[in-house]
1. Within the stretch 74-89, track down each residue that is surrounded by 14 or more Cβ atoms within 10 Å (Cβ to Cβ) and of a type outside the set (Ser, Thr, Tyr).
2. Applying the selection to the stretch 22-60, what residues are among the acidic types (Asp, Glu) and either over 14 Å from Gln87 (Cα atoms) or free of Cβ contacts under 8 Å to residues at least 40 places away in the same chain (or both)?
3. Does Thr41 satisfy the condition of being modelled with pLDDT under 95, surrounded by 13 or more Cβ atoms within 10 Å (Cβ to Cβ) and touching a strand residue (DSSP E or B) at 6+ places or on another chain (Cβ under 8 Å)?
4. Here is a list: Ala71, Ala30, Ala51. Which entry is at pLDDT below 95, of a type in the set (A, V, I, L, M) and either within 14 Å of the chain's Cα centre (by Cα) or surrounded by 14 or more Cβ atoms within 10 Å (Cβ to Cβ) (or both)?
5. Read through the list (1) surrounded by fewer than 15 Cβ atoms within 10 Å (Cβ to Cβ); (2) over 11 Å from Ile34 (Cβ atoms); (3) among the hydroxyl-bearing types (Ser, Thr, Tyr); (4) at pLDDT 95 or above, then give the number of the only condition that Ser62 fails.
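The values are calculated or read from the model by the stated rules, or taken from the named source; none is laboratory data. None of the values given here were measured: they were computed from a predicted structure. Don't worry about glycine lacking a Cβ; one is built from the backbone with ideal geometry, like all the others, and counts go over all protein chains shown.
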Amino acid sequence: MRRSLSLRLTALEVRSGESVTVQVEAVNVAAAVIEIHAPDTVLISGPHQVAVGSGSYSKTVSWLVEHAQPATVTSVEIRATAGDLVQLALCKIIG
């Protein structure tokens, strides 16, 4: 049985007050989890780990960038895992 997991950012860079949004597409997967990892200079609202389900689906997950240290550019990492399937994405955060 074919299994797949994909993760796609809707924007490659965001600023304070904007959202980091990913589209997750899964086919025949075990329970999938999406996590966002941000440096101390960036404040992200909402849960940093989201269970998105199992099976086959397409879902959107978003996090609001509450604050980014002014005059900095950094990245947050978004990781999707479902069993042994792993997908990573980086989004640039502009302060």
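1. Within the stretch 74-89, Val76, Ile78, Arg79, Ala80, Ala82, Leu85, Gln87, Ala89 qualify.
2. Glu25, Asp40
3. On the way: modelled with pLDDT under 95: yes; surrounded by 13 or more Cβ atoms within 10 Å (Cβ to Cβ): yes; touching a strand residue (DSSP E or B) at 6+ places or on another chain (Cβ under 8 Å): yes.
Against the criterion (modelled with pLDDT under 95, surrounded by 13 or more Cβ atoms within 10 Å (Cβ to Cβ) and touching a strand residue (DSSP E or B) at 6+ places or on another chain (Cβ under 8 Å)), Thr41 qualifies.
4. On the way: Ala71 fails: either within 14 Å of the chain's Cα centre (by Cα) or surrounded by 14 or more Cβ atoms within 10 Å (Cβ to Cβ) (or both); Ala51 fails: at pLDDT below 95.
Exactly one of Ala71, Ala30, Ala51 is at pLDDT below 95, of a type in the set (A, V, I, L, M) and either within 14 Å of the chain's Cα centre (by Cα) or surrounded by 14 or more Cβ atoms within 10 Å (Cβ to Cβ) (or both), namely Ala30.
5. (2)
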